[in-house]
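In what follows, a structure is listed as structure tokens, so that the remarks can point back to it.
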Amino acid sequence: MSSSFKIINASAGSGKTFSLVQNILKELFNGGDDSYKKILALTFTNNAANEMKKRILDELMLISEDITSSKIFSLLKKDLNISSSEARVKAKRIADKILHNFSFFQVSTIDKFNHKIIRAFSQDLSLSGDFDLIIDQDEFKEQLINEFLDQVDETTFLSQVLTNFSLEKIEDNNSWDINYDLLDLMKIMLSESNIEITSEAEKLESKSFLEFKKYITKKISDLRKSLIDKAKELSDLSDKTFRDLKPFPYDALPKFLNNIINNEIDKKNVEAILKRVENNTLLKKEFIDQNTDFLEESNSVVLKLISKINKLFVYDSIRKNNTQNHIIQEIKTFSTKFQRDNNILLISEFNSLISENIADQPAPYIYEKLGTRFKNYFIDEFQDTSKLQWKNVIPLTSHAIEGMEENDSSGSLFLVGDPKQSLYRWRGADPEIFKKIINKKTPFYIEPNIETLEDNFRSCEEIVKFNNSFFSFIKKNIQLKEAQETFSSFVQNQIKSSPGLVSISFLEYSPKDNHYETSTCEHVLQIILKKKKEKVNLSDIAILLRSNDECGLISTFLLENNINVTSEEMLSIESSEEVVFLINLLKLKKNFDSKRLKLELLKFLSSFEKQLSTHDYIEINLEQHIDLIFKNHLKLSFSKFKKLDLYDSVEYVVNNTKFFKNKLVYIQALLDLILD
């Protein structure tokens, strides 16, 4: 079995980075002094790439200075035809060469490598060689949607589609404002998970679009009429059978029928009435025996109604998707033109551009364009690779391990991952690729050498035991093929001797108030206070939460209770809408007539307005003088605010309004920044 294609299935804490560094060093020692130029190591974050670079260089320096302390070299020694003294000299030589030619040391993110490829092929792709790369797509999306709407001519078919889209939203009891919907559609368009779907979907011409819409609308209308007629028939039969009696538990059937008649059908109501039919609880127990004919008839009619309702949901979904697909295709066309006209390229376009235009090119031609030829490939966190990313890498890796050229040895491909740790599904990650490769379904002729790392060097005994039990439970109770494959290798051996602790607490949840949030905050505080009594340093305590808002909530609560907190959210204050609002207020001191600043100000304030939509709120107040906006909406004096220095201005707004109660951690970070 060839070792040129190797896979490491590595669960958390099993030493995957150690294994990566070990195998990269093996290639460095087995190759010439410039062999580092032939290595490409790819991972998913800048931090991971920087850590890997540092680990490689640190290990080279350790081998050159104190080889007996290098655990990696002690493991490598049996596979290397080199003495310890030769290894010390070579390690120093390689480290020096890397440091003097650092740009040739290719340990980077997949996005950076793709960027390099696109730069190399910019002319072939009809791109300017100096295009600007857009990484922050959120800001771009808003700008593009605004430009997209501005260029719509009222006489065009697109204008008609957008108008009808707005009217359909009103019919569904939603706001007529389509800006947020267009942003959501653009998010769908830019997601790699949806590229295949959106690229295959075709935009209907105006005539076909209208004919199809007419057909779907008629289907929906006919279904609704049929539903109403049938519901009225059953309602009349019910009234005739029971007159003034109350035979229905919670009036479930009459409510269901009335909802149909009033065109207020809800999926929850449908599910609830179906359960009653299945459980024979459509009638109260005391009415069942005397009304078997009615029960049989009503059950039959309800099932027919549900069947028609499901059809109605499908047709309604098709109607909405038809409109949204047309809009997506229009935005897609406009986005391509907008990027070209402004000499920019979205980072989300990388994989599809390479897949469509470059991936099928011969590997030597790609290498020629890149100006370098890679021989050994290392891919970290492979479970987070997307279909397009993998497709784009296959030609180069295939050439390395299968296409051995004259006077040259074969290259290698080294993949490390763990399907259980796939985190990037939201951006197209497909752990199924890794699972297929583990099962030896690969695009290469060479079979992989697969190794599973079973020792956990990171976690304490109780944590390893808990994970083993938890994953065993999942595998046993979730009888899905995907789950079985994902948890096929989950049992780990603990290496650490310390016991550790796993504790799980359940808190009551009530959606009606903030009881759950308060209980959570207090519970976290009690745990921290208990650990402080046990002489645990605060710096050794980490709190993980699901969202940035929750991080802010917990951080603020702990600060209020004299627990010092360091949070990434505090370090990225620009992510806080409240901080951005305060900064815009400060900008108004010098430019109080700025419509853009007033627009941003009102957009923030509109989120606290319950009577008006965002659009209406802004439209009514945008032309007001800033003095009136301060007076009417903030209950503050702009003239007083204007005279204060930056620090006091922020305190004046924060202390006299109610917008910042749960965001004090961000506000404190802003005030600290002003003082600095």
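Taking 0.36 nm per residue of separation and subtracting the Cα-Cα distance, what length does fully extending Glu368 through Glu447 add?
25.6 nm
Any idea how far apart Glu86 and Glu577 come out in nm if each label point goes 7 Å out from Cα toward Cβ?
Label-label distance for Glu86 and Glu577, simple model: 6.6 nm.
Could you state the number of Å between the C-alpha centres of region 433-488 and region 130-172?
The distance from the Cα centre of region 130-172 to that of region 433-488 comes to 44 Å.
For labels at Lys643 and Ser607 in the simple 7 Å Cα→Cβ model, what's the distance in nm?
Between Lys643 and Ser607, the label points sit 3.2 nm apart.
Once fully extended, how much extra length lies between Ser488 and Asn357, figured as 0.36 nm per residue of separation less the alpha-carbon to alpha-carbon distance?
Additional length available on full extension: 43.4 nm.
Of all beta bridges DSSP finds with both residues in the chain, what is the antiparallel percent, to the nearest 5?
In the chain, approximately 5 percent of DSSP beta bridges are antiparallel ones.
Helix-only estimate, please: 222 nm mean residue ellipticity of the chain, summing -39500 (n - 2.57) across DSSP H runs of length 4 or more and dividing by its residues, to the nearest 500.
Helix contribution divided over all residues of the chain: -18500 deg cm²/dmol.
Percent of accessible area on region 318-422 owned by carbon and sulfur, 1.4 Å probe?
Summing carbon and sulfur atoms, their accessible area is 46 percent of the total for region 318-422.
If I fit a long axis through the Cα atoms of helix 206-242 and take the longest principal axis of the Cα atoms of the chain, what angle between them do I get, 0 to 90°, rounded to 10?
In the chain, helix 206-242 runs at an angle near 50 degrees to the longest axis.
As I understand it, the value is the acute angle between the Cα axis of helix 46-66 and the longest principal axis of the Cα atoms of the chain; what does it come to in degrees, rounded to 10?
Taking Cα atoms only, the helix is inclined about 20 degrees.
Using r as the Cβ-Cβ distance of Asp172 and Lys54, and R0 as 51 Å, what FRET efficiency do you calculate, to the nearest 0.05?
0.40
Would you mind working out the accessible area per residue for the chain, using a 1.4 Å probe, and quoting it in Å²?
Heavy-atom SASA per residue in the chain reads 57 Å².
If Leu636, Leu133, Leu167, Leu501 are ordered by their accessible area, calculated over protein heavy atoms with a 1.4 Å probe, which sequence runs from highest to lowest?
The most accessible residue leads, giving Leu501, Leu167, Leu133, Leu636.
Would you check the accessible area of Lys284, probe 1.4 Å, heavy atoms only, in square angstrom rounded to 10?
Number for this one is 70 Å².
Provide the FRET efficiency to the nearest 0.05 for the Leu125-Asp289 pair, computing r from the beta carbons and using R0 = 51 Å.
The calculated FRET efficiency here is 0.10.
At a 1.4 Å probe radius, which order do Tyr180, Tyr367 fall into by accessible area, largest first?
Tyr180, Tyr367
Could you please report the charge total around Pro395, scoring K, R as +1 and D, E as -1 over all other residues with beta-carbon less than 12 angstrom from its beta-carbon?
Cβ neighbours under 12 Å give a net charge of -1.
State the Cα centre-to-centre distance between region 313-382 and region 27-100 in whole Å.
The two parts, judged by their Cα centres, are 36 Å apart.
Taking 7 Å along the Cα-to-C-beta vector as the label spot, tell me the Asp79-Lys533 distance in nanometres, rounded to one decimal.
Rounded to a tenth, the inter-label distance reads 5.2 nm.
Nearest 10 degrees, 0 to 90: what angle lies between the long axis of helix 664-675 and the longest principal axis of the chain (Cα atoms)?
Once rounded, the angle reads 50 degrees.
By average Cβ neighbour count within 10 Å, what is the ranking of 607-615, 187-195, 536-544 from highest down?
Put in order of decreasing packing, that is 187-195, 607-615, 536-544.
Sort Val416, Val654 by heavy-atom solvent-accessible area, probe 1.4 angstrom, most to least.
These residues rank, largest area first, as Val654, Val416.
Relative contact order, percent, of the chain when contacts are C-alpha pairs under 8 Å separated by at least 6 residues?
The value is 18 percent.
Apply the Karplus curve 6.51 cos²θ - 1.76 cosθ + 1.60, θ = phi - 60°, to the phi angles in region 247-255 and return the couplings in whole Hz, x for Gly and Pro.
x, 9, x, 6, 6, 4, 5, x, 5
So what's region 1-156 giving for Rg/Rh, alpha carbon basis, Kirkwood Rh from the mean inverse pair distance?
1.17
What residues have an amide H closer than 5 Å to that of Phe5, excluding those fewer than 5 places away on the same chain, when H is modeled at 1.01 Å from N in the peptide plane?
Leu413, Asn449
If I ignore ligands, DNA and RNA and count only protein heavy atoms, how much of Thr68 is accessible to a 1.4 Å probe, in Å² to the nearest 10?
Its heavy atoms expose roughly 120 Å² to the probe.
Using Cα pairs under 8 angstrom and six or more residues apart, how large is the relative contact order of region 506-637, in percent?
After rounding, I find 11 percent.
Based on the Cβ-Cβ distance from Leu599 to Tyr516, what FRET efficiency comes out when R0 is 41 Å, to the nearest 0.05?
Taking R0 as 41 Å, the efficiency between Leu599 and Tyr516 is 0.70.
The values are calculated or read from the model by the stated rules, or taken from the named source; none is laboratory data. In this text, all values refer to a predicted model and were calculated from it rather than measured experimentally. Here the Cβ is made from the backbone with ideal geometry for all residues, glycine too, and neighbour counts use every protein chain on show. Only protein heavy atoms, including side chains, enter the accessible area calculation; ligands, DNA and RNA are left aside. Shrake-Rupley method; radii C 1.70, N 1.55, O 1.52, S 1.80 Å.
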